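The values are calculated or read from the model by the stated rules, or taken from the named source; none is laboratory data. It should be emphasised that the depicted structure is a prediction, and the values quoted were computed from it without experimental measurement. Here the Cβ is made from the backbone with ideal geometry for all residues, glycine too, and neighbour counts use every protein chain on show.
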Amino acid sequence: MSAAEPMAETGARPVLATRGLEAFYGDFQALFGIDFDLAEGETVAIIGANGAGKTTFLRAVCGVLATAPGAVTLFGEQTAGKPAHEVVRMGVAMTPEGRQLFPSLTVEENLKMGALADPAAASGGWVEAARAKLGLAQPAPAPADTAAPRWDLDGVYDLFPILRERRDHPGTALSGGQQQMVAIGRSLMSNPRILLCDEISLGLAPTIIKDIYAAMPEIRARGAAIVVVEQDIQQALAVADRFYCFQEGRVSLTGRPGEASLDDIAAAYFGA
Amino acid sequence: MDWINAILQGVLVGGLFALFAAGLSLIFGVMRLVNLAHGDLIVLGAFLALAVVTGLGLHPLLSLLIVAPVMFALGYGLQRAILNRTLGKDLLPPLVVTFGLSIIIQNALLEVFSADTQRLQAGPMETASLQMGAISIGAFPLLTFIVAVAVIGGMELFMRRTALGRVFRATSDKAEIVPLMGVNPKQVFAIAMGVSLVICAIAGVLLGVRTNFSPGAGPARLLFAFEAVIIGGLGSLWGTLAGGVILGVSQAIGAKINPGFQILAGHIVFLAVLVVRPQGLFPRTRDK
Ligand SMILES: Nc1ncnc2c1ncn2[C@@H]1O[C@H](COP(=O)(O)OP(=O)(O)OP(=O)(O)O)[C@@H](O)[C@H]1O
Ligand SMILES: [Mg+2]
């Protein structure tokens, strides 16, 4: 399928495109020419076995790993040469593998850290954002064309009510599922236009996974396009408009969940 | 009474040791950098104050109005221009570079100020004392201690209550995740180094009023700072204050037994703590 096709169908603008994306750890090449598209408001799943390069892909997209000119385009702008903290402020939020909460910060403080990357509040850099949070400066007004309500502490607490109860606990004193909620909430606090979720169901009980995925419609409704990385194929295909299957640093299959047969997916996943 | 007096002096000088230690511990906490030039930066603060005092005729304490911002800028620039490049998985490069920096500062001070010992003249407050029965407390040592408590209390509030303090703690936890929050960790490191050098400036001025200093005085301050940090436990500011006080009291008791024992007594207590409680007496407790 052609990379531009899904956008042609929905007419939505692309928010993320990669072309021939390669990524390296020193001499080791982890990604070999990934072509990937994400349209505004879309949810796309990336599936693939251990070591397929899913996390590496997300890292390259948000600038943690260096990329070649033209390889990653976000909101029509190339990101090559930009450090991660600048890419993130363009409106991308990452919920990293393993949650990566700040252990010395409370739940609420962890959430507030996420707000520092808000493109609206951080237009003058994070110092201004910090000043804004302190009430020392006026935050930039939200763009007028955003109809959906913006994410803030109350919004996140309404999405995950248990976090409101636990707001003053250290982030890492919570259960795994609750920690994952903090990690997602922290990402939402920046009001991202793209949310990247890396294995948010890993190690969690099925009922908890259901609770967490139940938040997805609301996140989408507020205007974020979502990339979910999962090893659990069923979970990923259930929420996604489209999927990409990675194998050893390459896209081995892409399509819509209903269209590909399970045999095709299994072959693309494990390598036939 | 002699003993009580000696111990009291030890407590008060402990505040100064805690100030030496606070900046060192802040930098280690935020960026895992062991700044071997820390003692020399304190002495640099004292010499900058000397230059301002002789040049403008200001009182040493007022000279901080100039010296503190200068030191902040110096720390910020130093971090951005040099130290940020040394940070990575390997702990050795920052050690080597800050060791080199220590030698450069000492030689620069020798060049500019000569090897003479200097003193910051603070006027009558140097000799004033409060008399309570047989106990006499020097006004200046008391002021030093109050300043130390205020600086450490202020830092603690800053870390707990402000957005920037929160960023410092987050960076200390996971510097590699902080960019995902839209924050440039190198900028955080630079601000932290600036803050550390402001504390160095305050400590340097208090040191310079209290005793003679010379360009080579830095390494001994670094050693006291290390000892206070390790005794108190890494990452806890009040622990650092306690560490400084314990070190000060140990030295005072040592000196009382035999003047030659002063420094040695501090080292012995430091070693004892290291053996019995390697994590220090009051290591950071994460949950409040
Ligand atoms: N920091 C690193 N240094 C060197 N090699 C790495 C590093 N991180 C990942 N790799 C390698 O890059 C390849 C892709 O890893 P990546 O973490 O992107 O896979 P993944 O699809 O996310 O796997 P998983 O499902 O286990 O999370 C693997 O071969 C891995 O060993
Ligand atoms: Mg992964």
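Within segment B:89-110, can one find any residue that is of a type in the set (S, T, N, Q) and at pLDDT below 95? Looking for residues that are of a type in the set (S, T, N, Q) and at pLDDT below 95, one finds none in segment B:89-110, hence no. Summed over segment A:164-204, residues that are surrounded by fewer than 24 Cβ atoms within 10 Å (Cβ to Cβ) and either more than 19 Å from A:V229 (Cα to Cα) or polar (S, T, N, Q) (or both) total 14. Do we find that A:A39 is in contact with a Leu (Cβ under 6 Å, 6 or more places away or on another chain), among the aliphatic types (A, V, I, L, M), away from ligand 2 (no atom under 16 Å from the Cβ) and within 20 Å of A:R193 (Cα to Cα) in this structure? No: the conditions fail for A:A39.
Within segment B:110-124, track down each residue that is over 19 Å from B:V52 (Cβ atoms) and not in a helix (DSSP H, G or I). Correct list: B:A115 only.
Checked against (1) surrounded by fewer than 19 Cβ atoms within 10 Å (Cβ to Cβ); (2) free of Cβ contacts under 8 Å to residues at least 60 places away in the same chain, B:G266 passes all but a single condition, namely (1). Residues in segment A:246-254: is at least one under 11 Å from A:A52 (Cα atoms), surrounded by fewer than 20 Cβ atoms within 10 Å (Cβ to Cβ) and out of contact with any strand residue (DSSP E or B) (no Cβ under 6 Å at 6 or more places or on another chain)? Yes, the conditions are met somewhere in segment A:246-254. When the residues of segment B:129-144 are filtered to those that are among the hydrophobic types (A, V, I, L, M, F, W, C) and surrounded by 13 or more Cβ atoms within 10 Å (Cβ to Cβ), the one that is nearest to B:V209 (Cα to Cα) is B:F140. Quick check: anything in segment B:188-196 closer than 22 Å to A:G91 by Cα, touching a residue at least 12 places away in the same chain (Cβ under 8 Å), touching a Phe, Trp or Tyr at 6+ places or on another chain (Cβ under 8 Å) and of a type in the set (A, V, I, L, M)? Yes: segment B:188-196 contains one or more residues that are closer than 22 Å to A:G91 by Cα, touching a residue at least 12 places away in the same chain (Cβ under 8 Å), touching a Phe, Trp or Tyr at 6+ places or on another chain (Cβ under 8 Å) and of a type in the set (A, V, I, L, M).
Scanning segment B:227-242 for residues that are of a type in the set (S, T, Y) and not in a loop (DSSP other than H, G, I, E, B) turns up just one, B:T240. Among the residues of segment B:174-186, those that are at the interface with chain A (Cβ under 10 Å from one of its Cβ atoms) and surrounded by fewer than 20 Cβ atoms within 10 Å (Cβ to Cβ) comprise B:K174, B:E176, B:N184, B:K186.
Listed here are the strands (runs of 3 or more DSSP E) enclosed by segment A:194-272 that have at least 1 residues being within 12 Å of ligand 1 (Cβ to nearest atom) and within 14 Å of another protein chain (Cβ to nearest Cβ): A:194-198.
Since A:S104 meets every condition but one in (1) within 15 Å of ligand 1 (Cβ to nearest atom); (2) in a loop (DSSP other than H, G, I, E, B); (3) over 24 Å from A:M216 (Cα atoms), which condition does it not meet? A:S104 satisfies every listed condition except (1). Condition (residue is more than 16 Å from ligand 2 (Cβ to nearest atom), at positive phi and touching a helix residue (DSSP H, G or I) at 6+ places or on another chain (Cβ under 6 Å)) applied to segment A:54-67: is it met by at least one residue? Yes, segment A:54-67 has at least one match.
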